[in-house]
Amino acid sequence: MLAPLLLLWPISIAATHHVANDIANEPYDQALAENVGAISRLLRVVDGRVTISLPASARTILHADEQDELYFQVRNSQGKLLAGDEELPAPSGGNEPVLAEVRFRDERLAGEPIRVAYKAHEVEAGQRWVVIQVAETRHKREALASRIISGVLLPQFAIIPLAVILVWLGLSRGLRPLSRLRERMATRRPGDLSPIEIRRAPEELQPMVRSFNDVMERLEENLQAQQRFIADAAHQMKTPVTGLRMQAELAIRETDPVQLRRSVEQIARAAERAGHLITQLLTLARAESSHEKLHRFEIVDLEALARDVTFEWVDAARAKQIDLGFEGGEWPSAIDGVPLLLRELLKNVLDNAIKYTPQGGRVTVRVIAAEHIILEVEDNGIGVAEEDRERVFERFYRVLGTEADGSGLGLAICREIAELHRAAISFLDGSNGRGSRVVVVFPRAGTSRG
Ligand code: ADP
């Protein structure tokens, strides 16, 4: 605030100077004008010549000023001096005298500034006119202007530093709660995500503190979810790794080549399961919707992609004598998506459908292009009870009694991928209330992100 104040100060000084000069001129100009009037009343025409009857006393009075020199002068219309002080210059260039109106101008006489009042005066109506000028040096005026200026400016020397001190005090008092808040935040322990006490924050800052607390709360939840996930993942990894170790220890002690071979086969299967779990964990980490910026979105023809993936599963379906079908529409089914992740989503859902449908069952993949683009995988397998349908999307959740191999991560991955694509995923009944139907509703291309 000091910089603009200091900038305003010279402007204020200049303005004061101007106004003070105007004020100081006014009463002295009036006195000069009265002198012009007085001289005009002394003019006579005698024998066709203009004369002035100025008594000596009047001349003394005219010059009797303690501070300033006074001059007067009368010239005729040709510029010839009729009376008064010759050295006073005649009005010229833009300062033409006007009849019956007293004008003023600033001049210099012998190097000193003077103020001149002048007018043209008609001595005989419509006939002769003369120019009357009265002038004085500016000492009185300057003294008055200086008094006005110092009267206005001197207090400013005291007021401005006082204002600066008051502003300083006010600001530092006003900002103290802010500094306290800053200190409280700066001295927090690194892992402390507890909310800031709103009551102790200044009123203006409370909305900001509230939003900040919201962010902290979400961060806390996120952190806890991450920690839970790591604990779960470690726990899930422990089982296959423990199995592997025990089987390996058994195999070391085995002497019968046939038994040894069986043990090694078991080890291979356990290693495959552990490998699958690791792959699923990595896929989940990669699909996390918070990583949206890491993925390259492009226009994807969902129908072509789904047809392609379905085709890859024909052999697996055939091995279980499952009738795997595909139904597409005639309408374009373009969405904004990441092809690799969309394939992963469909693979997981299809894998489940085939895994949880008994031999001889039916699985259908369907793409419907309407207001939204819908991907459906329907089976007539064992289905999932109503109360479990939300939970199957949770990480590591497997319906109680599920026998088939699996990590419980497949549908969690699907949900992450769906969220990343701003799609809604749900687990429903199959047709006729048998089996299951997983439905993913995608926004059309160009409508999901700005
Ligand atoms: P998993 O690796 O166990 O298949 P998912 O997350 O893919 O893990 O599925 C979670 C659980 O949901 C499964 O364990 C299974 O009980 C149930 N589930 C998923 N898909 C189907 C389906 N098509 N039919 C019946 N149950 C299913």
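The values are calculated or read from the model by the stated rules, or taken from the named source; none is laboratory data. Since the structure is predicted, the reported quantities are computational estimates derived from the model, not experimental observations. Every residue, glycine as well, gets a Cβ built from its backbone with ideal geometry; the counts of neighbours run over all protein chains shown. Ligands, DNA and RNA are stripped out before the accessible areas are found, and what is left, the full protein with its side chains, is counted by its heavy atoms. Shrake-Rupley method; radii C 1.70, N 1.55, O 1.52, S 1.80 Å.
Quick check on my filter: what residues within region 390-445 are of a type in the set (Val, Ile, Thr) and closer than 26 Å to ALA231 by Cβ?
Listed by number, the residues that qualify are VAL392, VAL399, THR402, ILE413, ILE417, ILE425.
Out of all the residues in region 311-349, which are within 16 Å of the ligand (Cβ to nearest atom), open to solvent by 20 Å² or more (accessible area, probe 1.4 Å) and part of a loop (DSSP other than H, G, I, E, B)?
Listed by number, the residues that qualify are TRP313, LYS320.
Of all the residues that make up region 389-426, how many are within 20 Å of THR279 (Cα to Cα) and within 12 Å of the ligand (Cβ to nearest atom)?
Qualifying residue count for the region: 20.
One residue is enough: does region 140-155 have a residue meeting the conditions over 59 Å from the mean Cα position of the chain (by Cα), surrounded by 15 or more Cβ atoms within 10 Å (Cβ to Cβ) and under 27 Å from VAL50 (Cα atoms)?
There is no residue in region 140-155 that is over 59 Å from the mean Cα position of the chain (by Cα), surrounded by 15 or more Cβ atoms within 10 Å (Cβ to Cβ) and under 27 Å from VAL50 (Cα atoms).
Give me the pairs, please: first residue somewhere in region 225-250 and closer than 17 Å to LEU282 by Cβ and part of a helix (DSSP H, G or I), second residue anywhere and basic (Lys, Arg) and open to solvent by 100 Å² or more (accessible area, probe 1.4 Å), beta-carbon distance under 8 Å, and either six or more positions apart or on two chains.
These pairs meet every condition: PRO240/ARG273.
Here are some residues: GLU394, GLU387, GLU416. Which one is in the same structural domain as ALA334 (by TED's automatic domain parsing) and more than 20 Å from ASN348 (Cβ to Cβ)?
GLU387
Mind checking whether some residue in region 350-359 is open to solvent by 20 Å² or more (accessible area, probe 1.4 Å), among the hydroxyl-bearing types (Ser, Thr, Tyr), outside any strand (DSSP E or B) and within 22 Å of GLY408 (Cα to Cα)?
yes
Could you check GLU265 against (1) free of Cβ contacts under 8 Å to residues at least 12 places away in the same chain; (2) in the same structural domain as LEU411 (by TED's automatic domain parsing) and say which number it fails?
Condition (2) is where GLU265 drops out.
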